[in-house]
Amino acid sequence: MKQSVVCSLLCIGFTTLFAGAQTITPVAAPLEDVNKVIDNTPDSLYIARTARPVPGSSRRGDHPVLFLIGNSTMRTGTKGNGENGQWGWGYFAPEFFDEEKITVENHAMGGTSSRTFYKNLWPEVREGIRPGDWVIIELGHNDNGPYDEGRARASIPGIGKDSLQVVIKETGEQETVYSFGEYMRKYIQEVKERGAHPVLFSLTPRNAWVDADSTVITRVNQTFGLWAKQIAEEQNIPFIDLNEISAQKYERFGKEKVKRMFYLDRIHTSAEGARINAGSAAEGLRQRPDIALSSYLKPVVKDTVTGASRQGNNPVLFTIGDSTVRNEETDEHAMWGWGSVIAPFFDLTKITVENHAMGGRSSRTFIDEGRWQRVYNALQPGDFVLLQFGHNDGGDIHTGKARGTLRGAGKESEVMLMEQTGTFQVIYTYGEYLRHYIQDIREKGATPIVLSHTPRKQWDEEGRIRRNAGSYGGWAREAAETAGAFFIDLNEISAAKFDQMTKEEIEAYFKNDHTHTSLKGAQLNTTSIVEGLQQSNCELKRYLK
């Protein structure tokens, strides 16, 4: 009877006994699990198989399918639906491909390594692959820890041909373990056997810096990134250094902004971070026109509107916010926002003004709808951004219009299921969304100027116009101060002016309700902003007439 016993040999090899004869097969010790992350969702193969698509089921006619093979950085958890606030980049990958030419299926599974994916999930995926399909493989985050106990998911470090016979301690199951490189060879060979095209990717970067004072993201170019590249070269298949592309972005963003690219830990990305990695994957392919898969990407649509007013090297002043910043403005009797009447206060031979506010938006939904991304893309060093949100941030959060934010200026967040869409979303505080804008603006070398929102036609117990210093105004001030932005208390400056008027006189400054301003009200708020600028040391006041 053949008997196998596995034990460690000075942390550099294993001893296996066969029928009384001892054979020593030295292999490298498994990599240490430095991530120290416990997956938030148990690895249930049943749930995984019901949550993931049937391989090849998205195929349209004779069009190819792009299969994504990876771990939790590509599909977080078992369901991959963001219910824990974490998202993998595979969820957003379809946004970058032309669905009329190719469909994208995310078959990644949280917690899997090159070894465990190959053993448990790959056979089913392989059966769905047809000639002409594509397979992107990004594995390695979990190829560590013990070979023969616990999750038993480690592969042998490197790209060698060595293997190891192990017995899983908990189950008694015998298994042959190969090197990371050898598992990659197996995937590549079997993809080619199906007549499809494999592409190897390096891992996504973590929120890990070389040291506490460094501005350089730690790379994986000496381990899994290097090994994936070496195997790609050996097998003559494409390699995309996803790790490097995203890491360079993170270094431009800076540590504070990178923190919001992740959720709960330093490995698993937020929706924003996942979308950035998906964009990096698309960029990597777009830089390689020799890879036919790149021809299936959607064309990059250039925004020719945002920032179009720029004159030479002159700066642009962008205004963003809600309906009190931009409204109907069809004629002098309509509702107006201050962002549409502020330009005449500036020397337009030295600076131009663009109002990109949109009625009904909160600090959250202006980002969710991609409106902020367009302004962010157009920002250049020396520009200015006046931002004012808050009127709509107190609304429903996950029901109705679903535009509300958590109250306050702290770091709190909550994962909520959106009633209308059935999708999960991480909701932050009002102040945290403002810090999001501030970080982005400063990263681009522009100047952020936060405003408390315009006063409403409401009075307090003393008969004065009600202030918001104890709520959104105070939280806006706190966010500006903590993130390094200028702050103008528009609410207080305009409210003080209204305090000098009778209630009947104030009526002329509003239109239809207690929030939306008439042309006269928009002009009053504009003069308040100008006064606030003049009292500050913000460079924007140099461009005032």
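Here is how the numbers come out for the structure above:
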item: Residues within segment 226-247 that are open to solvent by 10 Å² or more (accessible area, probe 1.4 Å) and either within 20 Å of Ile276 (Cα to Cα) or among the aromatic types (Phe, Trp, Tyr) (or both), tallied; result: 5
item: Segment 45-69, residues that are outside any loop (DSSP other than H, G, I, E, B), at pLDDT below 95 and either buried (at least 23 other Cβ atoms within 10 Å of the Cβ) or touching a helix residue (DSSP H, G or I) at 6+ places or on another chain (Cβ under 9 Å) (or both); result: Leu45, Ala48, Arg49
item: Looking only at segment 153-180, and only at residues there that are open to solvent by 30 Å² or more (accessible area, probe 1.4 Å) and hydrophobic (A, V, I, L, M, F, W, C), the one that is nearest to Tyr118 (Cα to Cα); result: Ile159
item: Residue in segment 370-381 that is under 15 Å from Val450 (Cα atoms) and part of a loop (DSSP other than H, G, I, E, B) present; result: no
item: Selection status of Ser72, open to solvent by 30 Å² or more (accessible area, probe 1.4 Å), of a type in the set (S, T, N, Q) and either in contact (Cβ under 8 Å) with a residue 24 or more places away in the chain or farther than 25 Å from Lys229 by Cα (or both); result: no
item: Residue list for segment 301-319, restricted to those being loosely packed, with under 13 Cβ neighbours inside 10 Å and at pLDDT 95 or above; result: Asp303, Thr304, Val305, Ala308, Gln311, Gly312, Asn313
item: Residue match in segment 336-356 (condition: outside any helix (DSSP H, G or I) and closer than 25 Å to Arg275 by Cα); result: yes
item: Any hit, segment 482-490, residues being over 38 Å from the mean Cα position of the chain (by Cα), at pLDDT 95 or above and surrounded by 20 or more Cβ atoms within 10 Å (Cβ to Cβ); result: no
item: Every pair of residues 6+ apart whose Cβ atoms lie under 7 Å, when the first sits in segment 392-408 and is touching a residue at least 40 places away in the same chain (Cβ under 8 Å) while the second is surrounded by fewer than 21 Cβ atoms within 10 Å (Cβ to Cβ) and among the acidic types (Asp, Glu); result: Gly404/Asp396
item: Residues of segment 241-265 that turn out to be touching a helix residue (DSSP H, G or I) at 6+ places or on another chain (Cβ under 9 Å) and part of a loop (DSSP other than H, G, I, E, B), as a count; result: 5
item: Residue that is nearest to Gly70 (Cα to Cα) [pool: residues in segment 93-111 that are open to solvent by less than 10 Å² (accessible area, probe 1.4 Å) and in contact (Cβ under 8 Å) with a residue 60 or more places away in the chain]; result: Met109
item: Segment 499-543, residues that are part of a loop (DSSP other than H, G, I, E, B), on the phi < 0 side of the Ramachandran plot and open to solvent by 90 Å² or more (accessible area, probe 1.4 Å); result: Gln500, Gln535, Asn537
item: Residue match in segment 273-287 (condition: surrounded by 17 or more Cβ atoms within 10 Å (Cβ to Cβ) and part of a loop (DSSP other than H, G, I, E, B)); result: no
item: Test: Arg288 is basic (Lys, Arg), in contact (Cβ under 8 Å) with a residue 24 or more places away in the chain, out of contact with any strand residue (DSSP E or B) (no Cβ under 6 Å at 6 or more places or on another chain) and under 27 Å from Gly80 (Cα atoms); result: no
item: Scan of segment 253-270 for residues that are within 20 Å of Gly225 (Cβ to Cβ) and not aromatic (Phe, Trp, Tyr), ordered by number; result: Val258, Met261, Arg266, Ile267, His268, Thr269
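A quick yes/no check of all residues on (1) closer than 26 Å to Ser494 by Cα; (2) touching a Ser or Thr at 6+ places or on another chain (Cβ under 8 Å); (3) of a type outside the set (Asp, Glu); (4) surrounded by fewer than 24 Cβ atoms within 10 Å (Cβ to Cβ):
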residue: Gly410; (1), (2), (3), (4): no, yes, yes, yes
residue: Ser413; (1), (2), (3), (4): no, yes, yes, yes
residue: Phe424; (1), (2), (3), (4): no, no, yes, yes
residue: Tyr430; (1), (2), (3), (4): yes, yes, yes, no
residue: Arg435; (1), (2), (3), (4): yes, yes, yes, no
residue: Gln439; (1), (2), (3), (4): no, no, yes, yes
residue: Gly445; (1), (2), (3), (4): no, no, yes, yes
residue: Pro455; (1), (2), (3), (4): yes, yes, yes, no
residue: Gln458; (1), (2), (3), (4): yes, no, yes, yes
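For every residue, the table says whether it meets (1) touching a strand residue (DSSP E or B) at 6+ places or on another chain (Cβ under 8 Å); (2) more than 20 Å from Arg266 (Cβ to Cβ).
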| residue | (1), (2) |
| --- | --- |
| Gly85 | yes, no |
| Phe96 | yes, yes |
| Asn106 | yes, yes |
| Phe117 | yes, yes |
| Asn120 | no, yes |
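The values are calculated or read from the model by the stated rules, or taken from the named source; none is laboratory data. Quick caveat, the model's predicted, so the values are computed rather than measured. Heads up, the Cβs are rebuilt from the backbone with ideal geometry, glycines too, and the neighbour counts pull from every protein chain shown. Just so you know, the surface numbers come from the protein's heavy atoms only, side chains and all, with ligands and any DNA or RNA stripped out. Shrake-Rupley method; radii C 1.70, N 1.55, O 1.52, S 1.80 Å.
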